[in-house]
Amino acid sequence: MKTILHISKYYYPDLGGIETVAMYLAEGMTAYRNVVICFATDGIYSEEDIRGVKVYRVPVNFSFMSQAVALSYSKILRQVIKQESPDAVHVHCPNPFVYPLVCMCVGKETKVVLHWHSDILSKGLMYHIVKPFETAILRRADLVISTSPNYIPDSKPLQKHIGKVRIAQNGLITERFNLVKSDEKKIQEIRERYKGKKIVFTCGRHIPYKGLDNLIKADAFIQSDCVILIGGKGPIDKELKAMPCSERIKFLGRLEDDTLRQHLYAADIFAFPSNTKAEAFGIALAEAMYCGCTPVCHTIEGSGVNWVSINKETGIVVPLNDVKAFANAIDTLNTDQNLCNRYAAAAKRRIEENFTKEKAVAVMMGLYEELL
């Protein structure tokens, strides 16, 4: 059995969007033996078996400009390669610290796959430091994976390597969002809490590119009777809460998984106002669509968001940063239940047919069959 070594910043139980993809690929690509190397969050080197996946964790010594630095990484990577003899190394990008190490430690006989979740979007000092290593790893790569066709044309680093770029979508772990017995009562309680009004819901980390300021600005132009529920937390919390708005906007704070799922099923509309290509795919958007929540989002050049949700098919897409158009889209859906229901059904179907973890693993398996 051939072996794939996955290089991810972190790994289960430390999960973000990229780490979730690394997890379901490592667990789902069962035709191969899967091994993971990642940073340790507790500063201690460890080796463990997690649901059949061997995981090596490398202690971090310090961080530099938000990048973890592990002085023993090169030594441990060489040891893992010698011990595991991988046929392919699968690097989840961006992770610029490991780029030169992969170029130095991985032999020519081993394939290198770059899973290009996002460009490095900061173009300051950090990018100038790592750009030569980014260029080198792209030249070394045998295969580059983009998570959507939309991302490729606007990604400058990928343009010189377009011939080896392929598409493999992200996938939703649907079992996390299937209804359970206790949900029905909770969903009803949420709807009763807001006295049967239409519910516009959004949830995510409160950071600038999520565009939550635009949603709050849109409040002034929404004519239909609804509440706007904003879940999540983040560094711009105070700034968002200080913005002028009506009483229908409610900040819910961080939501546990069960509470998030229940709000998605209780809501009528999922507001997804992200407004830069830092939102490279939109997994939260896919989650809402799977739960039958009709999305409203912006046109974002170079982002997979408009590949996940199709305008006037699975929801409504409005021009970038047009808060009046965003408000009008919410009003349209709130006042036309048949239209909202039709989009919701199409949205759920689109996720089921294209963006589940099973679909994503199957596409990646096909790419690996060609590569190896």
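Numbers for the structure displayed
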| item | result |
| --- | --- |
| Gain in span if fully extended, Thr332 to Lys238, counting 0.36 nm per residue against the direct Cα distance | 30.8 nm |
| Of all DSSP beta bridges in the chain, antiparallel share, percent nearest 5 | 15 percent |
| Stokes-Einstein translational diffusion, the stretch 264-340 - Kirkwood Rh over all Cα pairs, 1.306 mPa s, 10 °C, in µm²/s | 130 µm²/s |
| Chymotrypsin sites (Phe, Trp or Tyr not before Pro) within the stretch 1-85: DSSP coil, no more than 14 neighbouring Cβ in 10 Å | Tyr45 |
| Potential extension, Phe221-Arg51 segment - 0.36 nm per residue separation minus Cα distance | 56.2 nm |
| Lysines whose Cα lies under 17 Å from that of Lys82, excluding same-chain neighbours fewer than 8 positions away | Lys2, Lys54, Lys108, Lys111 |
| About the Cα centre, charge dipole magnitude for the stretch 174-354 (Lys/Arg +1, Asp/Glu -1 at Cβ), debye | 260 debye |
| Where Cα atoms sit under 19 Å apart: lysine pairs in the stretch 241-372 separated by 8 or more or lying on different chains | 5 |
| The chain, dipole about Cα centre (Lys/Arg Cβ +1, Asp/Glu Cβ -1), debye to the nearest 20 | 480 debye |
| Order of Trp116, Trp307 - criterion: other Cβ atoms within 10 Å of each residue's Cβ, fewest first | Trp307, Trp116 |
| Intensity falloff of the stretch 23-180 expressed as log10 I(q)/I(0), Debye formula with alpha-carbon point scatterers, at q = 0.09, 0.20 Å⁻¹ | -0.32, -1.50 |
| Debye intensity ratio I(q)/I(0), log10, the chain, q values 0.06, 0.09, 0.13 Å⁻¹ (C-alpha model) | -0.24, -0.54, -1.07 |
| Qualifying trypsin sites (Lys or Arg not before Pro) for the stretch 295-343 [loop in DSSP, other Cβ within 10 Å: at most 11] | Lys312 |
| Sites Tyr194 and Glu370 - FRET efficiency at Förster radius 41 Å, r taken between beta-carbons, to 0.05 | 0.20 |
| Proximal aspartates and glutamates relative to Lys131, as straight alpha-carbon distance under 12 Å, when same-chain residues fewer than 8 apart are discounted | Asp119 |
| FRET efficiency estimate (nearest 0.05) - Cβ-Cβ, Cys103 to Lys312, R0 56 angstrom | 0.75 |
| The stretch 174-354: C-alpha gyration tensor shape, a/c 1.5 cut-off, then a/b vs b/c | rounded |
| Percentage relative contact order, the chain, counting C-alpha pairs under 8 Å, at least six apart | 14 percent |
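Every read-out reported here was derived from the displayed coordinates using simple, explicitly stated rules and does not represent laboratory data. What you are looking at is a predicted structure, and each value in this text was computed from that prediction instead of being measured. Neighbour counts run over all protein chains shown; Cβ positions are idealised from the backbone, glycine included.
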